[in-house]
Amino acid sequence: MVKNKRALVIRTVLGWLIAFIMAFPVFWMTLAAFKTEMDAYASPPLLVFTPTLENFAEMNQRVDYVRHAWNSVLVALGSTFLGILIAAPAAYVMAFHPTKRTRSIMLWMLSTKFMPAVGVLVPMYLMLVWLDLLDTRTALITITLLSNLPLVVWMLYSYFKEVPAEILEAGRMDGAGPLKQLRYLLVPLATPGISSTALLCIILSWNESFWCINVTAVDSGTLALAIASFSNPEGYFWAKLSAASLASVAPILIFGWVTQRQLVRGLTFGAVK
Amino acid sequence: MSGVELKSVRKNYGAVEVIKGVDLTVRDREFVVFVGPSGCGKSTLLRMIAGLEEITVGDLLIDGARMNDVSPDARGLAMVFQSYALYPHMTVAGNMGFALMLAGVPKAERDLKVRQAAKILQLEALLDRKPGQLSGGQRQRVAIGRAIVREPKVFLFDEPLSNLDAALRVQMRVELAKLHRDLNATMIYVTHDQVEAMTMADRILVLRAGIVEQVGSPLDLYNKPANTFVAGFIGSPKMNLVGASVSRRDGQTFAFLDGGQRLPIGDVSLKDGAGITLGLRPEALLLSAGGAARGEVSVIEHLGGETLVYVDIGKGQLLTIKTGDQQPARVGDIVPISFDPSRLHLFGPDGQALN
Amino acid sequence: MENATAMSSLPTGSWFKPTRTVRAWPLMAPAVGLLLIWAIVPLALTLWYSFQGYNLLSPPATFVGLENYYFLLTDPDLPRVVWNTLVLVLVPLVVTVTAGVLLAVLYDGPFFGRGIARLLVIAPFFVMPTVSALIWKNLLMHPVYGLFAWLSRSFGMQPIDWFTNHPMTAIIIIISWQWIPFATLILLTAMQSLDREQLEAARMDGAGATTSFIFITLPHLARPVAVVVMLETIFFLAIYAEILVTTVGGPGVITTNIPFYIYSRGLLGYDVGVASAGGIFAIIVANIVAFFFVRAIARQL
Ligand SMILES: Nc1ncnc2c1ncn2[C@@H]1O[C@H](COP(=O)(O)OP(=O)(O)O)[C@@H](O)[C@H]1O
Ligand SMILES: [Mg+2]
């Protein structure tokens, strides 16, 4: 018992210490967001200071926060919703009516994730120019959706696999075709899995930086783009940078924290039963 | 008329053939049981009838119409699965009414039918529960209820009782038999348990490794097993099967048991020295003098109403003998064994019944 | 990739026959079709442009054969760039998986406020790459005003100028910080699915904490580790934003990986031809990595 108690104390100390270290950059950024620029650069660093909201106002002026945030939301939700809509029927077939080729198709899908985006940036860019889709949300949603699609198919596949095939067969005997099996049986039964898939998708597209930096601008740029514009500014800008960062990270961070239980299942990618 | 007809039906999974040509006619209102050891293809055969597995070769006819390419729900069948396969997110009423809902039956009519089925199965009080809140026996009923509501031409059951405890299984067996009578429906029932088959079936189909070994009424199978497999599978305790060889002397035919003893048998059209198998049900053997053979009692099992005596007749060959006596002998006794020659089964070298 | 070895959770081909009763293709078509287009059209275009001399500033395009590839492959920086790419995949992989295993063990046991501590640990995962790179570069690692510089000075040490003297290490730190939570989360979930009875049985058999960790816990984590490695490899091969906002590939090409190389050589110069040749090169490298990784790892899935 004494030994257990000591283990508990060590665990608690170590657990909190590491938690503190991991979260520290975010914490430090949060503090800086409420400092004046002078305070932000102060040495020794200030833990106690008079908070200000000035940075947020200035930041909004400079990058039009609301517009970018709205784009982030639309792109994340749009690509996630469409992705699941497209992936679910395919995952259903793969899980319940597999053929000889199913395995190869799934591996091939995953292999498309290994295609480096930068490798195909030029033609994508040119295609968007030809289609007159440069700097549109449609383009960004489509690209995000496609780049997440293999993961979505895989995750849905692994969650669908957990639903007993006999239940769907009973549905078939009762007269439910594939789409009705999906709608009335599979979707309700795999809701936890589907929502964790959706959560992961939302987070990935919220944080997607490569495509948004390269194919969007003022019209359809997301928060990731807004932040990138802070990479080489002049003068004192840490407080404003922190404010902008906080404003872009906070929504998804809170979202992630609130949904973390669901999310964790999604992250395991079906590797943990 | 709701007959089901299978015409040289085969099933392949890739290169492996699991159903190797089955012919069967299930008559209207008949209760047919497919029985066989686990893995012999019973479920596969049933699922082919249901439409859940494609038929590789052969024809399936229901009411005379070819059904091979008809979708499962359009075949007029209902199936009760081994795991029940209830929809866990729907209430009992929802489960039972799902097929009707999909078929576009108006809500009022649907409710009525669900209620009627629930009444038959005494499920009325449970209609608003979810399957997770039910006991095994209740789930079983819901699964049956789901089938009843659809008013199918043919009911299919895949080992529906195997997840229940022994007492409940006996009770459900009786109820299913009663249901069959009340509904006047054709039923095809799969089980690995020969007791279920014997007690419920009008006719039994014995399957082994995808091949039909015998089809017949329970008593036919018991009295005239077509081969050693059926002989050993049907009946409990198992029929004694004893290896022997034919020998003729003084115009009489004998079987030389592998254990060294000699029994007179009726004439068979086999050469001297041919290997045969003698089949004797434990209940056909008597521990009485004047017997044809003798052996040493090695184990006695008391079941109360009956007693099983295992007698060693040489070379480790045990015969099971069933008797009503509670104290027929003691372990270690040398006992004489006799039997009614008319209850002796003879199987040829190929395992098929002789004569 | 197609012939990667058996994935046990996947159907093994010959077992299954297509069932005529369910028409599968209409349901598969949207996903497969879109991915086919996504995989083939841009690739074909990239291949096409890689044989063109095409600068957006001086069109039109002309066929130049292998010139772009020649330019690329004779670039003395290329070996370094490929090396950097591999380092930026392998080192963070080792760091995050090791840390992930240790943290998973730590956070699997009960302690006071574990729920909240766990929330804090996973926070970096939600921070977008541009933000985390900017925060680390400025607020933390800045050689004069950064918090680390102040810490060094308070201990009487010379502050480290991370991005001048140890740029690769700095980037690896940032990437690892972002991805440790991912590994931890997956492995933690895996730990929690570990059969407690198995551990208890091991204890009955006289296994100590270390022994049961090595013989029971670690093998149990093999599958989830495979998943972590595979997904992280996908993301690490494509690292871009972190470099863009911190070192811009420098000093020199010391922190340039293949994606960033293509970006700086091709795109910054509007040279579509060279960028495309680089793209093909990147795809080949990625597939070589994928070939080795996925083959080894698919076995675990
Ligand atoms: N989808 C399948 N693919 C390959 N073989 C199968 C498949 N389903 C069943 N089998 C094989 O077919 C045989 C019969 O199975 P089944 O009909 O389930 O047996 P039973 O119900 O009599 O126990 C078994 O040997 C089984 O391994
Ligand atoms: Mg079966």
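Which percent of the accessible heavy-atom area of the stretch B:173-229 goes to carbon and sulfur, probe 1.4 angstrom? Of the solvent-accessible surface of the stretch B:173-229, carbon and sulfur hold 54 percent. Residues of the stretch C:255-269 that lose at least 20 Å² of accessible area (1.4 Å probe, protein heavy atoms only) when the other protein chains are present, relative to their chain alone, are C:PRO259, C:ILE262, C:LEU267. With a 1.4 angstrom probe, the accessible area lost at the C-A interface totals about 9700 Å². In chain B, the DSSP-assigned H stretches of four residues or longer account for a calculated mean residue ellipticity at 222 nm of -7000 deg cm²/dmol, using -39500 (n - 2.57) per stretch and the full residue count as denominator. Counting Cβ atoms of other protein chains within 10 Å of each Cβ in A:162-168 and taking the mean gives 4. Using equal-weight Cα scatterers in the Debye expression, the normalised intensity of the stretch A:64-229 in log10 at q = 0.10, 0.11, 0.13, 0.19 Å⁻¹ is -0.44, -0.52, -0.68, -1.13. Of the residues B:LEU127, B:LEU219, the one with the largest accessible area comes first in the ranking B:LEU219, B:LEU127, computed with a 1.4 Å probe on protein heavy atoms. Heavy atoms of the protein chains alone define the surface here; on that basis the protein assembly as shown has 42 Å² accessible area per residue at 1.4 Å probe size.
Each of C:LEU151, B:GLY295, B:PHE81 was scored by the projection of its Cα onto the charge dipole of the protein assembly as shown, and the greatest displacement toward the positive side belongs to B:GLY295; charges sit on the C-beta of Lys, Arg, Asp and Glu.
Reducing the stretch C:155-203 and the stretch B:270-321 to their Cα centroids gives an inter-centroid distance of 72 Å. A probe of 1.4 angstrom, applied to the heavy atoms of all protein chains, finds B:VAL195 with accessible area near 60 square angstrom. Among beta bridges identified by DSSP and lying wholly in chain B, the antiparallel ones come to about 75 percent. Cβ under 15 Å from A:ALA19's Cβ, A:ALA19 left aside: what net charge do those residues give with Lys, Arg +1 and Asp, Glu -1? So the surrounding residues net to +2.
Summarising the label geometry, the points placed 7 Å from Cα in the beta-carbon direction at C:ASP75 and B:ALA74 lie 6.1 nm from one another. Residues of the stretch B:77-122 buried by at least 30 Å² of accessible area upon assembly of all protein chains, compared with the chain on its own (1.4 Å probe): B:PHE81, B:ALA85, B:TYR87, B:PRO88, B:HIS89, B:PHE98, B:LEU102. Annotation for the stretch A:171-244 versus the stretch B:116-179: alpha-carbon center distance of 46 Å.
A Cβ-based charge dipole, computed about the Cα centre of chain B with Lys and Arg at +1 and Asp and Glu at -1, lands at about 600 debye. Over chain A, DSSP H runs of length four or greater, each weighted -39,500 (n - 2.57), average out per residue to a 222 nm ellipticity of -22500 deg cm²/dmol. Buried between B and A is an accessible area of approximately 1700 Å², summed over both sides with a 1.4 Å probe. For the set B:ARG10, B:ARG203, the ranking by accessible area, highest first and with no ligand, DNA or RNA atoms included, is B:ARG10, B:ARG203 under a 1.4 Å probe. Per-residue surface analysis assigns A:ILE213 an accessible area of about 30 Å², computed on protein heavy atoms at 1.4 Å probe radius. Taking every DSSP bridge with both residues inside the protein assembly as shown, close to 80 percent are antiparallel. Total buried accessible area between B and C, probe 1.4 Å, nearest 100: 600 Å². Rounded to the nearest 10 square angstrom, A:LEU246 shows an accessible area of 30 square angstrom against a 1.4 Å probe.
Distant-in-sequence amide contacts of B:ILE265, defined by a placed amide H-H separation under 5 Å and a gap of 5 or more residues or a different chain, comprise B:THR253, B:PHE254, B:ALA255. Nonpolar atom fraction for the stretch C:67-298, defined as the carbon and sulfur part of the 1.4 Å probe accessible area, stands at 69 percent. In percent, rounded to a whole number, the relative contact order of the stretch C:67-298 is 30, using alpha-carbon pairs under 8 Å and six or more apart. When only the Cβ of Lys, Arg, Asp and Glu is charged (+1, +1, -1, -1), the dipole of the stretch C:67-298 relative to its Cα centre reaches about 340 debye.
The relative contact order of chain A, computed from alpha carbon pairs under 8 Å that lie at least 6 residues apart in sequence, is 32 percent.
Could you compute the FRET efficiency for C:LEU47 and C:ASN165, with r as their C-beta to C-beta distance and R0 at 41 Å, rounded to 0.05? That pair, C:LEU47 with C:ASN165, gives E of 0.50. Within the stretch B:45-59, the residues that become at least 50 Å² less accessible when every protein chain is included than when their own chain is isolated (1.4 Å probe; DNA, RNA and ligands ignored) are B:LEU52, B:GLU54.
Averaging the Cα positions of each part gives two centres, and for the stretch A:108-164 and the stretch C:29-99 these lie 17 Å apart.
Each Lys and Arg adds +1 at its Cβ and each Asp and Glu adds -1 at its Cβ; summed about the Cα centre, the protein assembly as shown shows a dipole of about 920 debye. Given Cα pairs under 8 Å that are at least 6 residues apart, what percent is the relative contact order of chain B? Worked out over chain B, it gives 15 percent. Solvent-accessible area assigned to carbon and sulfur over the stretch A:64-229 amounts to 68 percent, based on a 1.4 Å probe. State the answer as a single residue: which of B:LEU263, C:HIS142, B:GLY316 lies farthest towards the positive end of the charge dipole of the protein assembly as shown, with beta carbon charges of +1 for Lys and Arg and -1 for Asp and Glu, about the Cα centre. Of the candidates, B:LEU263 comes out farthest on the positive side.
Taking the square roots of five times each eigenvalue of the Cα gyration tensor of the protein assembly as shown, the equivalent ellipsoid has semi-axes of 71, 32, 28 Å, listed largest first.
Mean residue ellipticity, 222 nm, helices only, chain C: the sum of -39500 (n - 2.57) across DSSP H runs of n ≥ 4, divided by residue count and rounded to 500, is -19500 deg cm²/dmol.
The values are calculated or read from the model by the stated rules, or taken from the named source; none is laboratory data. Nothing here was measured: the structure is a model prediction, and the numbers come from that model. FYI the Cβ positions are ideal-geometry reconstructions off the backbone, even for glycines, and counts take in every protein chain you see. Surface areas here come from the heavy atoms of the whole protein model, side chains and all, with no ligands, DNA or RNA. Shrake-Rupley method; radii C 1.70, N 1.55, O 1.52, S 1.80 Å.
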